[in-house]
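One structure is given here, and the rest of the page talks about it.
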Amino acid sequence: MSHLDHGRLPAGYTAYVNRKVYFILGLLLFTIFLLVTAISVGAVHVPVGEVVRALTGMPTEARAQVIIYNIRLPHALAALLAGSGLAAAGAAMQSILRNPLGSPFTLGLSQAGAFGAAFAVMLLDAGTMQSTQVSAVTIANPYLTTLSAFLACVLTSLIIVAIARIRGASPEVMVLSGVALGALFSAGTMFLQYFADDVQLAAMVFWTFGDVGRAGWREVGFMAAAVAAAVIYFVFNRWNYNAIDAGDETARSLGVQVERVRMAGMIIASLVTAFIVSFLGVIGFVGLICPHIVRRIIGDDHRFVLPASCLTGAVLLLASDTAARLMLAPHVLPVAVLTAFLGAPAFLYLLIQRRSR
Amino acid sequence: MLAVKDIRIGYKGGGLVLDDLEFNLGRGQLLAVLGPNGVGKTTLLRCINAMIKPWAGSVLVEDASVFHMTAAEIAKYLGYVAQRNEAGRMTAFDAVLLGRKPHLRWRVSREDLTKVSAVLHHLGLEHLALRHIDEMSGGELQKVCIARALVQEPQVLLLDEPTSSLDLKNQLDILGTIRRVAKQHGIAAVMTMHDLNLALRFADRFLFLKHGRVFACGRPDQVTAEMVQAVYDVQVDVLHHDGQVVVVPAANASTSAKRYSDRP
């Protein structure tokens with residue numbers, strides 16, 4: 001079709017694309033600003049100048065350096081990474097499952113993680129109660145709990161993969177399997193909680209409160225590798241997700257191997273979520289709402305939705321965590337409470353605004 | 001251009017859906033595949049597009065078997081417009097750009113953008129380029145989907161009931177567009193349809209399916225009332241009006257089901 005070589009780009013298209021690019025760049029700048037602010041504020045105020053000097057490798061005051069490198073920077077990076085990973089996984093899952101309620105937790109991963117943690121607390125003796133300055137309860141053996149939660153998440157993913165291989169990788173099969181497994185793991189957790197003593201019960205419930213403060217540099221390193229790999233994979237598949245959004249048949253006719261893309265996307269989203277959940281506990285809402293906030297503003301094109309969702313997730317979790325640290329200092333609120341408090345009104349505003357157009 | 005040979009398709013555990021199906025289609029020709037619901041029209045299109053692998057037989061495009069091609073290669077030869085098209089929040093331009101997927105590399109090239117613009121211009125859709133497809137009417141969305149299939153630069157265009165749920169003006173508009181594009185660019189088009197009159201007006205050839213087999217095939221002027229009656233089990237009259245073939249239900253039209261229910 002040689003006539004196709006002579007087309008003229010519609011007026012306004014370049015500006016339309018640029019608006020999306022500027023939105024993403026704006027989000028990036030805001031994320032950097034928020035990162036510096038989050039490191040600066042807290043029980044001990046570290047001047048922004050010190051933070052910038054520390055982050056750029058310039059010499060800083062010893063006390064500030066300790067606060068920044070040992071406490072606040074890993075804390076903030078954990079929030080950035082977890083927010084990005086959960087939001088990217090959510091954006092991919094909503095496309096893969098063709099379901100607006102798709103999120104990293106649609107497949108029952110949060111319930112599986114909670115069960116894994118409860119299992120470790122009760123049966124592997126990982127749960128004893130301690131008092132610290134900032135929190136009433138800590139888990140005695142975090143590594144065992146993390147490992148157990150991670151294995152439970154991976155087990156869930158493998159069961160869904162096995163079911164999908166038997167029954168076909170349709171969104172309905174995946175979502176319903178996730179709901180069933182979620183119910184199963186919730187029942188398992190309740191069973192354990194019923195027989196747990198007070199200390200174990202407190203440790204189990206405490207674990208489900210997602211908290212980015214649990215991450216040290218080692219956890220941040222693991223999460224960085226997992227989130228980076230997942231985001232690269234999702235971005236690599238951006239056109240596949242756009243094609244699946246147009247319908248499975250259309251996607252197949254465009255050369256997309258729909259079942260394979262769906263299955264692989266589900267596995268990657270599950271794994272990255274498993275890393276985050278097992279290190280930090282359950283942080284819901286970010287993966288569900290951030291992609292929707294982004295879609296409402298810049299549309300459904302995954303070339304833009306994926307990077308923008310990552311940044312929105314990072315901003316929401318970092319802002320929530322900072323607020324959680326400051327609101328009732330020295331006590332730290334569970335970040336999951338704040339993500340909903342900050343994200344839900346923003347999302348509802350966008351929802352109403354679009355309706356009223 | 002397109003050769004479908006001895007196709008036999010069945011579902012696991014079920015009976016045969018299509019059997020002994022064979023036809024050829026040349027450049028620029030339009031074939032209307034007709035028959036009652038459930039006879040296997042959509043299955044035939046999916047088989048041609050290699051979405052379903054037949055038990056036996058072959059589908060050749062330019063003498064190359066589609067069953068030996070990768071998914072991306074098939075997408076360069078065959079464009080497919082599905083019966084149901086989902087509309088996300090995306091401009092028509094980006095929705096059509098998706099059709100370049102089989103040709104895309106990491107970045108969208110200037111060439112890809114140029115081709116999308118050209119297809120939109122060719123189908124008279126330039127004014128819709130920056131409109132979101134989730135705000136479009138059924139007719140507009142269908143044209144965008146056809147544009148998306150055309151920008152794949154296919155040799156063969158497959159359309160599954162392209163005019164279902166459209167009003168008369170849009171039906172004529174869409175079929176006219178398909179015919180014009182097919183003729184101008186030598187694309188072979190296979191359309192499944194329910195409206196016999198539109199099919200016979202716009203297609204070069206018809207193919208009636210009955211019980212999964214080719215019951216009759218030919219030019220529109222070769223359609224007879226007996227053929228239609230045998231395929232659809234409805235009494236009809238075939239009229240010739242202004243050089244066109246028109247199928248109308250007979251004044252005393254009744255189906256066999258009706259006749260049986262009338263029995264005492």
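The values are calculated or read from the model by the stated rules, or taken from the named source; none is laboratory data. Computed from a predicted structure; not experimentally measured. Reconstructed Cβ throughout: ideal geometry from the backbone, glycine too, with neighbour counts over all protein chains shown. Just so you know, the surface numbers come from the protein's heavy atoms only, side chains and all, with ligands and any DNA or RNA stripped out. Shrake-Rupley method; radii C 1.70, N 1.55, O 1.52, S 1.80 Å.
Would you please give the FRET efficiency between B:ARG110 and A:THR37, computed as 1/(1 + (r/R0)^6) with r the Cβ-Cβ distance and R0 = 45 Å, to the nearest 0.05?
Numbers: r = 41 Å, r/R0 = 0.91.
Step by step, r from the Cβ atoms, then E = 0.65.
Couplings 3J(HN,Hα) of the range A:284-294, computed from phi: x, 6, 4, x, 7, 8, 4, x, 5, 4, 5 Hz, in residue order, whole Hz [Karplus 6.51 cos²θ - 1.76 cosθ + 1.60, θ = phi - 60°; x for Gly and Pro]. Would you mind telling me which residue in A:LEU288, A:LEU306, A:LEU201 has the biggest mean-square fluctuation in a Gaussian network model of chain A, where springs connect alpha carbons within a distance under 10 angstrom? Maximum among the listed residues: A:LEU201.
Against the main long axis of the alpha-carbon atoms of chain B, helix B:138-150 sits at an angle near 70°. Per-residue shielding of B:78-91, expressed as the average number of other chain Cβ atoms within 10 Å of the residue Cβ, stands at 5. Peptide B:110-119 has a mean of 5 when you count, residue by residue, the C-beta atoms of other protein chains within 10 Å of its C-beta. Pairs spanning more than 32 Å between alpha-carbon atoms, out of B:LYS115/B:LYS210; B:LYS12/B:LYS210; A:LYS20/B:LYS41; A:LYS20/B:LYS76; B:LYS53/B:LYS169: B:LYS115/B:LYS210; A:LYS20/B:LYS41; B:LYS53/B:LYS169.
Before anything else, pin down the relative contact order of the range B:64-180: Cα pairs under 8 Å, at least 6 apart, normalised by residue count, whole percent.
On the way: 145 pairs, mean separation 48.0, N = 117.
Value for the range B:64-180: 41 percent.
Residues of the range A:73-88 with the amide nitrogen closer than 18 Å to a label point 7 Å from the Cα of A:ALA228, along Cα-to-Cβ, please. What the label zone holds, given the 18 Å backbone N cut-off, is A:74-86, A:88. For the peptides A:229-241, A:340-352, the ranking by packing is A:229-241, A:340-352, with the highest mean count of neighbouring Cβ atoms within 10 Å listed first. Taking Cα atoms only, the orientation of helix B:168-185 departs from the longest principal axis of chain B by about 60 degrees.
The relative contact order of the range A:16-355 comes to 29 percent, based on Cα pairs under 8 Å that sit 6 or more residues apart. Give the residue from A:VAL277, A:LEU254, A:ALA79 lying farthest towards the positive end of the charge dipole for chain A; charges sit on Cβ (+1 for Lys and Arg, -1 for Asp and Glu) and the dipole is referred to the Cα centre. Most positive-ward Cα: A:LEU254.
Here the range A:170-202 and the range A:257-309 have alpha carbon centers that stand 22 Å from each other. Could you identify which residue out of B:ARG110, B:ARG205, B:ARG84 has the top mean-square fluctuation in a GNM of chain B using Cα springs shorter than 10 Å? Sorting by GNM fluctuation, first place goes to B:ARG110. A simple rule links phi to the HN-Hα coupling: the Karplus curve 6.51 cos²θ - 1.76 cosθ + 1.60 with θ = phi - 60°, which for the range A:218-227 gives 4, 5, 4, x, 4, 5, 4, 5, 5, 5 Hz, with x for Gly and Pro. The phi-based Karplus calculation (6.51 cos²θ - 1.76 cosθ + 1.60; θ = phi - 60°) puts the 3J(HN,Hα) values of the range A:149-164 at 4, 5, 5, 5, 5, 5, 4, 4, 4, 5, 5, 5, 4, 5, 5, 5 Hz, whole numbers, x for Gly and Pro. Near B:ILE187, the amide H atoms lying under 5 Å from its own belong to B:GLY28; only residues 5 or more places off or on other chains count, and H is placed 1.01 Å from N.
Report the charge-dipole magnitude of the protein assembly as shown in Debye, nearest 20, computed about the Cα centre from +1 at each Lys and Arg Cβ and -1 at each Asp and Glu Cβ.
On the way: 53 positive and 44 negative charges, 137 e Å.
Magnitude of the dipole: close to 660 debye.
Here's how it looks for A:SER170: its modeled amide H is under 5 Å from none belonging to a residue 5 or more places away or on a different chain.
When chain B is treated as a GNM with alpha-carbon contacts under 10 Å, the residue of B:THR43, B:THR192, B:THR114 showing the greatest mean-square fluctuation is B:THR114. Database remark: amide H of B:ALA216 closer than 5 angstrom to the amide H of B:PHE208 (H placed geometrically; neighbours at sequence offset of 5 or more, or on other chains; Pro and chain starts carry no H).
To the nearest whole number, what is the average tally of beta carbon atoms from other chains within 10 Å of the beta carbons of peptide A:301-308? Intermediate values should be presented prior to the final figure.
Details: counts 8, 2, 3, 1, 2, 0, 0, 0.
Per residue, the number of nearby Cβ atoms from other chains is 2 on average.
Annotation for the range B:183-215 versus the range B:98-116: alpha-carbon center distance of 31 Å. Counting only protein heavy atoms and using a 1.4 Å probe, the accessible area of B:SER117 comes to about 0 Å². Helix B:110-122 axis versus longest C-alpha principal axis of chain B: approximately 40°, rounded to the nearest ten. Between B:SER165 and A:ASN18, the simple spin-label model (points 7 angstrom out along Cα→Cβ) gives 3.8 nm. Over every Cα atom in the protein assembly as shown, the radius of gyration and the widest Cα-Cα span, Dmax, amount to 29.6, 103 Å. Could you compute the FRET efficiency for A:TYR349 and B:THR70, with r as their C-beta to C-beta distance and R0 at 51 Å, rounded to 0.05? Rounded to the nearest 0.05, the efficiency is 0.65.
To the nearest 20 Debye, how big is the dipole of the range B:2-223 about its Cα centre, given +1 on the beta carbon of each Lys and Arg and -1 on that of each Asp and Glu?
240
Projecting the Cα atoms of B:THR224, B:SER109, A:TYR194 onto the dipole axis of the protein assembly as shown, where Lys and Arg carry +1 and Asp and Glu carry -1 at the beta carbon, places B:SER109 farthest toward the positive end.
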